[in-house]
Amino acid sequence: MISVIIPALNEGSTIRKVIQRIKQTTVPLEIIVVDDNSTDQTVSEALKEGARVITSSKKGKGISMHEGMLAAAFDIIVYLDADILTYPKNIVKLLADPIINDEADFVKSFFDRQGGRVTQLVAKPLLSIFFPELEVFSQPLSGMIAARKDFLQQVEFENDYGVDIALLIDAFNKKMRIKEVNIGFVKNDMQNLEALGKMSRQVSRTILQKAAQSSSDNLETLSNIHTISDEMDFAIKESIQKLKKIIVIDINVILDLDFDQAAAAYYGIEHRLMQLINTYKDPESRIKKMALLLKGRSLPELQAIADTIPIAPYTRETISRLKQNGYISILLSDGFDVVANHIKNKLGFDYCFANHLIMEKSKATGALEFPDFFTDPDEPGIHYNKAAILKYLTLNFNIPQKNIVFVGDQPEDIPMLQSSGMGIVTPKAPSSVKLWADKVLPGDSLKPLVGLINGDDKDRSAKNNSIKYLAGIGLIAASAAFAGYYLYLKSRGKAKMAQ
């Protein structure tokens with residue numbers, strides 16, 4: 001069996017055809033698409049073809065390749081690009097056969113193509129100086145490769161254009177049997193000069209660094225010629241100024257089970273989770289301790305756990321309709337970004353806001369960072385305040401709070417139900433939370449959400465009337481819950497209510 005891994009970033013127009021091409025092979029395989037936080041339909045298109053999709057923890061091809069390898073079920077790994085439509089039908093077999101037949105440990109493809117300027121002008125001249133044995137390879141920068149998983153687990157993956165040449169050099173340094181196979185004609189888009197310049201700098205830097213590690217000569221000066229700037233993790237879409245409405249949906253609304261509970265059950269640490277919840281009442285401490293419970297857990301495993309949690313019916317369809325109606329769709333989570341971003345991509349949300357679980361080599365370190373959007377500038381010293389997100393959205397998206405719809409169902413959601421233009425809860429919300437809502441979804445499905453929003457022509461007086469009504473008929477339970485939540489606001493801490 002073979003694991004085919006396809007790193008993809010905004011390849012919605014080609015990914016289905018690439019997967020269809022791969023499926024024509026005669027060898028048994030699994031197909032894993034590692035989405036690099038695309039902003040197009042890459043994820044939904046891949047899912048239509050039955051591929052397994054995971055979301056990378058950080059932008060970059062190398063990270064995606066590494067995390068795909070961690071998620072792979074089989075020992076032979078084949079990497080393919082997501083934008084090439086001219087693969088031969090037997091592409092997987094061509095790359096994997098030398099390993100299956102014990103002729104090679106690492107397989108590199110070569111092919112006929114247009115261009116290849118970085119190979120000819122940068123890679124080959126540098127290889128001829130520092131690694132002359134590798135100069136014989138026709139396309140040392142080819143990303144279509146095959147290798148055994150145990151080899152890939154031993155090496156560091158560069159996180160830029162240098163990843164492919166680095167793997168070739170590492171295989172050579174580890175005395176692996178390397179074979180090059182012809183995969184025919186490959187056609188892909190020519191890079192512009194700016195992209196070619198970036199690629200050249202990253203490839204040359206990688207070769208020089210590998211040479212410095214392999215040689216006793218002092219190559220430090222050479223290896224630090226180019227400084228590579230980090231890419232921004234978050235960017236506002238160009239069209240954002242044209243949109244005037246936002247809907248924020250808490251992740252607990254769409255998941256039938258809290259991820260923390262699902263993870264604790266999977267790892268057999270339910271008792272530790274309950275102890276944590278009972279001990280740490282304030283959200284900031286509780287989230288930090290949960291991050292420690294996940295220390296050492298791999299990203300593919302965490303996302304696989306999330307995939308087992310049932311999702312509210314019609315969620316993807318509802319998000320699509322809301323976006324068609326001009327809403328920016330945001331998934332909000334008091335959990336961790338590596339999980340929430342994965343859910344966001346599966347369901348088609350525009351953005352995701354969650355806490356940053358720090359990963360090293362695609363495994364959780366146990367450390368956590370609270371992002372700025374969960375920090376209220378008017379509350380110095382408090383690092384985490386979930387309700388601060390509405391203020392952040394108002395300032396950064398230039399959209400008034402009256403144009404923000406919030407959907408939640410937890411006690412800590414009450415401030416957002418209060419301050420949003422429209423607050424909506426699900427039927428499973430406690431009465432103390434429903435007290436502050438403008439609307440209650442009529443069922444467990446999100447399907448009525450669009451009609452519920454579009455049918456609201458009233459102002460905030462509806463919310464005030466509901467409060468007066470509940471108070472007037474003397475709901476003791478609601479009054480007690482309100483008093484309890486008042487104490488929560490005073491103390492700044494309250495654990496999630498068990499449902």
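Values in this text are rule-based calculations from the coordinates and carry no lab data. Keep in mind that this is a model prediction, so the values were computed, not measured. Here the Cβ positions follow ideal geometry from the backbone for every residue, glycine too, while neighbour counts run over all protein chains shown.
Structural remarks
- Checked against (1) on the phi > 0 side of the Ramachandran plot; (2) in contact with a Pro (Cβ under 8 Å, 6 or more places away or on another chain), ASP102 passes all but condition (2).
- Some residue of the range 71-92 being under 19 Å from GLN139 (Cβ atoms) and charged (D, E, K, R): yes
- A count restricted to the range 261-308 and to residues that are of a type in the set (Gly, Ala, Ser), on the phi < 0 side of the Ramachandran plot, more than 20 Å from the chain's Cα centre (by Cα) and not in a helix (DSSP H, G or I) stands at 0.
- Number of positions in the range 408-437 that are buried (at least 23 other Cβ atoms within 10 Å of the Cβ) and acidic (Asp, Glu): 2
- Looking only at residues in the range 23-39 that are farther than 24 Å from GLN303 by Cα and touching a Lys or Arg at 6+ places or on another chain (Cβ under 9 Å), the one that is surrounded by the fewest Cβ atoms within 10 Å (Cβ to Cβ) is THR26.
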